[in-house]
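Each remark here refers to the structure printed beneath this line.
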Amino acid sequence: MRVLLVEDDEDLGKGVKTGLTQYGYAVDWLRDGESASQALKMENFDMVVLDLGLPGMDGLKVLQNMRAKGSLVPVLILTAKETIDDRIKGLDAGADDYMSKPFDLDELCARLRALQRRSAERASSAIEYKNITIDPASHVATLDDLPLNLPRREFALLLKLLENQGRALSREQLSQSLYSWDEDVDSNALEVHIHNLRKKFGAALIRTIRGVGYMVEKADKAQETTGE
Ligand code: CA
């Protein structure tokens, strides 16, 4: 899950980036609205955590630009304490949720999971897929009801694929959701994670789509295919 964090306060930004990274998110941190707007044009993010009070272009403008371009990426805005007006403007401009500073990191993570769930149109946090379950809230994945200890990126990759059942995801999309800019990534890192997931969950789980990337079949389609 890749998050764009836009926050000009060094201490707060550092704290949120470190915290979210520990929770398994790939976090890119920008400190002003101009570069955030640019990044949103160029790259795929799963979520945006957006401070409103930014130097230069403010957060509200960043948000308005995104929505004007038709972006549906969930946005959680960070507002300074006691500014109800900011929250209302933010929500009206297309924010999906807000938190007032100071806030609790666990709550921020819970809210991001809720946003992710809503944008994936799921009612509950866990995804069930045949004999697999994966729950981003508890960070537990199971196979035949037995919990598997998946490393952070394998977990994130499996979640991304299962959230997008029936849709082919490009290598670039998948890598972008696993790694932030400042991480050095081996060119075959994604293939290694895919290989490991296939070893754990069976080779048939993840299909290679030549020239595109990878996908997991929709559950009902996959069952039909097995029944044939
Ligand atoms: Ca600020």
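May I ask you to say which residue of LEU40, LEU50 is assigned to a helix (DSSP H, G or I), within 16 Å of the chain's Cα centre (by Cα), within 23 Å of TYR179 (Cα to Cα) and not small (Gly, Ala, Ser)? Please lay out each step first, then the result.
Values: LEU50 fails: assigned to a helix (DSSP H, G or I).
Only one candidate passes the filter, namely LEU40.
Residues in region 60-83 that are of a type in the set (Lys, Arg) and more than 16 Å from LEU5 (Cα to Cα) were compared, and the one that is modelled with the highest pLDDT is ARG67.
For region 15-28, the condition of being within 14 Å of the ligand (Cβ to nearest atom), over 22 Å from GLU163 (Cα atoms), part of a helix (DSSP H, G or I) and out of contact with any Gly (no Cβ under 9 Å at 6 or more places or on another chain) holds for at least one residue.
Considering LEU150, LEU190, LEU174, LEU197, the condition of being in a loop (DSSP other than H, G, I, E, B) and either surrounded by 15 or more Cβ atoms within 10 Å (Cβ to Cβ) or among the aliphatic types (A, V, I, L, M) (or both) is satisfied by LEU150 alone.
Within region 39-59, restricting attention to residues that are at pLDDT below 95 and more than 26 Å from ILE88 (Cβ to Cβ), the residue that is surrounded by the fewest Cβ atoms within 10 Å (Cβ to Cβ) is MET42.
Of all the residues in region 92-105, those that are surrounded by fewer than 21 Cβ atoms within 10 Å (Cβ to Cβ), without any contact (Cβ under 8 Å) to a residue 60 or more places away in the chain and within 16 Å of the ligand (Cβ to nearest atom) number 5.
Residues to consider are VAL140, VAL73; find the one that is assigned by TED's automatic domain parsing to the domain that holds TYR25 and within 23 Å of GLY19 (Cβ to Cβ).
VAL73
Among the conditions (1) more than 12 Å from the ligand (Cβ to nearest atom); (2) hydrophobic (A, V, I, L, M, F, W, C); (3) without any contact (Cβ under 8 Å) to a residue 60 or more places away in the chain, the only one that ALA80 does not satisfy is (1). Looking only at residues in region 1-31 that are over 18 Å from LEU178 (Cβ atoms) and of a type in the set (Lys, Arg), the one that is surrounded by the fewest Cβ atoms within 10 Å (Cβ to Cβ) is LYS14. Remark: LYS89 matches the filter, which requires a residue to be farther than 30 Å from GLU154 by Cα, in contact (Cβ under 8 Å) with a residue 24 or more places away in the chain and either assigned by TED's automatic domain parsing to the domain that holds LEU174 or buried (at least 17 other Cβ atoms within 10 Å of the Cβ) (or both). Just checking, does region 108-121 include any residue being touching a Gly at 6+ places or on another chain (Cβ under 9 Å) and either touching a residue at least 40 places away in the same chain (Cβ under 8 Å) or farther than 20 Å from VAL216 by Cβ (or both)? The answer is yes, given that some residue of region 108-121 is touching a Gly at 6+ places or on another chain (Cβ under 9 Å) and either touching a residue at least 40 places away in the same chain (Cβ under 8 Å) or farther than 20 Å from VAL216 by Cβ (or both). For region 43-62, the condition of being more than 14 Å from the ligand (Cβ to nearest atom), within 26 Å of VAL185 (Cβ to Cβ) and touching a Cys at 6+ places or on another chain (Cβ under 6 Å) holds for none of the residues. If only residues of region 141-150 that are without any contact (Cβ under 8 Å) to a residue 24 or more places away in the chain and under 21 Å from the mean Cα position of the chain (by Cα) are counted, the one that is farthest from GLY24 (Cα to Cα) is THR142.
The single residue among ARG2, ARG67, ARG31 that is more than 16 Å from the ligand (Cβ to nearest atom), within 24 Å of LEU105 (Cβ to Cβ) and either of a type in the set (Lys, Arg) or in the same structural domain as GLN176 (by TED's automatic domain parsing) (or both) turns out to be ARG2.
Suppose the filter is surrounded by 15 or more Cβ atoms within 10 Å (Cβ to Cβ) and either of a type in the set (Ser, Thr, Tyr) or away from the ligand (no atom under 16 Å from the Cβ) (or both); does THR133 pass it?
Taking the combined requirement at face value, the residue satisfies it.
The values are calculated or read from the model by the stated rules, or taken from the named source; none is laboratory data. Predicted model only: the values in this text are computed from it and were never measured. In this analysis, Cβ positions are derived from the backbone assuming ideal geometry, glycine residues included, and neighbour counts consider all displayed protein chains.
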